[in-house]
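Asks: Starting off with a structure, shown below.
The values are calculated or read from the model by the stated rules, or taken from the named source; none is laboratory data. Predicted model, so just to flag it, every value in this text is computed and none were measured. Every residue, glycine among them, receives a Cβ derived from its backbone with ideal geometry; neighbour counts consider all protein chains shown. Only protein heavy atoms, including side chains, enter the accessible area calculation; ligands, DNA and RNA are left aside. Shrake-Rupley method; radii C 1.70, N 1.55, O 1.52, S 1.80 Å.
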Amino acid sequence: MKTIRDKKRLASYIETFDLQEYMDCDLLSMSTLQSFDKEEHLIRTETPSEYLYFLVEGTVMVYSFSSDTQTICIDYAQPAAPLGEASSLWGLMPKSSVKAASTCVCVCIPLQKYRSALQQDVRFLQTICQLLSYRLNAGITLANALNTPVESRLAKFMLANQENERFSFQLTTCAAILNVSYRHLLRTINNFREEKWIEKSKKGYILTDIAALASLAENLSE
């Protein structure tokens, strides 16, 4: 975690992502800008975070462990997601960890100094209640998705993360997000290649049969 001492850049992020809309408190005066390296943790299980975060650059993975220590991806957050509002804001022990899936930048509010102000900000609390409701529903969707074939999950993920019909997502992170082993993911990708739905390229995979992938993804949507 490294501090970025650039007030203009901080103000630009707050304006770009309308972060002030989250609260009545003056976000610019109470926040700092921090960067995180890939694989660096923002929040660790059973360790209250010192900050409330707003992700403004990069991607993070929210995950926990099953009883057999398998990593289970709970969420995959992109700008401008708030992080730490469920536990750290209230001084509770987080039940999941958050780590950077790429180099990340966050607008950070130090909770030791501003926890009380946030807890008394009605606008902020209303926004957080809406967010927690969304994440509760997302958790139900995750539970249902784990019973869906990996082929359907991978097809949907590829379609959602392709650009100009090219999928260049890092496969280790992809496996964690889909809650499958790396080996299982590679087998599924090879099956897709054999079916000629995708083909290998220098920087990932080209989606050669969008219709077939969309048909597979529909199984998950339903």
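Asks: What aspartates and glutamates could a cross-link reach from LYS38, if we take a straight Cα to Cα line under 13 Å and drop same-chain neighbours fewer than 8 places away?
Replies: Filter leaves GLU57.
Asks: Which whole-Hz couplings ³J(HN,Hα) result when phi for each residue of the stretch 79-91 is put into the Karplus expression 6.51 cos²θ - 1.76 cosθ + 1.60, θ = phi - 60°, listed in order with x for Gly and Pro?
Replies: Computed from phi, the couplings for the stretch 79-91 are x, 10, 6, x, 9, x, 6, 7, 10, 4, 4, 9, x Hz.
Asks: Note the direction-averaged projected area, equal to a quarter of the hull surface, for the Cα convex hull of the chain, in nm².
Replies: Mean projected area for the chain: 13.3 nm², to one decimal.
Asks: Related question: Do you know the relative contact order of the chain, to the nearest whole percent, from alpha carbon pairs under 8 angstrom that are 6+ apart?
Replies: This gives 20 percent for the chain.
Asks: Just from its helices, what would the mean residue ellipticity at 222 nm be for the chain, if runs of 4 or more DSSP H residues each count -39500 (n - 2.57) and the sum is divided by every residue, rounded to the nearest 500 deg cm²/dmol?
Replies: -12500 deg cm²/dmol
Asks: At a threshold of 8 angstrom on Cα-Cα distance, excluding pairs fewer than six apart, so keeping six or more, what relative contact order does the stretch 148-219 reach in percent?
Replies: 43 percent
Asks: Give me, ordered by chain and number, the residues 5 or more places off GLU57 or on other chains with an amide H under 5 Å from its own placed amide H.
Replies: For GLU57, whose amide H was placed from the backbone, the distant partners under 5 Å are VAL105.
Asks: Show LYS202, LYS99, LYS113 ordered by accessible area, largest first, where the area counts protein heavy atoms only and the probe is 1.4 Å.
Replies: From most accessible down to least: LYS202, LYS113, LYS99.
Asks: Quick check: from the Cα gyration tensor, does the stretch 148-219 come out rounded (a/c under 1.5), prolate or oblate?
Replies: Verdict is rounded for the stretch 148-219.
Asks: Tell me the net charge near GLU50. Cut-off is 11 Å between Cβ atoms, GLU50 excluded, with +1 for each Lys or Arg and -1 for each Asp or Glu.
Replies: With Lys, Arg at +1 and Asp, Glu at -1, the net is +2.
Asks: Once a ≥ b ≥ c are taken as the square roots of the eigenvalues of the Cα gyration tensor of the stretch 2-131, is the result rounded (a/c under 1.5), prolate (a/b larger than b/c) or oblate (a/b not larger than b/c)?
Replies: In terms of gyration-tensor shape, oblate.
Asks: Counting only protein heavy atoms, what percent of the accessible surface of the chain is carbon or sulfur at a 1.4 Å probe?
Replies: In the chain, the share of accessible area belonging to carbon and sulfur is 49 percent.
Asks: Hydropathy at least -1.0 by Kyte-Doolittle, axial extent at least 24 angstrom from the Cα trace: which helices of the chain, defined as entire DSSP H runs, fit?
Replies: Going by DSSP H runs, the hits are 122-145.
Asks: Rolling a 1.4 angstrom probe over the protein heavy atoms, how many square angstrom per residue are accessible across the stretch 2-131?
Replies: Heavy-atom accessible area per residue stands at 51 Å².
Asks: Per residue, what accessible area does the stretch 148-219 have, given a 1.4 Å probe and all protein chains present, in Å²?
Replies: Solvent-accessible surface per residue comes out at 56 Å².
Asks: Note down the magnitude of the dipole of the chain about its Cα centre, charges +1 on Lys and Arg C-beta and -1 on Asp and Glu C-beta and zero elsewhere, to the nearest 20 debye.
Replies: About 580 debye.
Asks: What number, in percent, do you get for the relative contact order of the stretch 2-131 if the mean sequence gap of Cα pairs under 8 Å and at least 6 apart is divided by its residue count?
Replies: 34 percent
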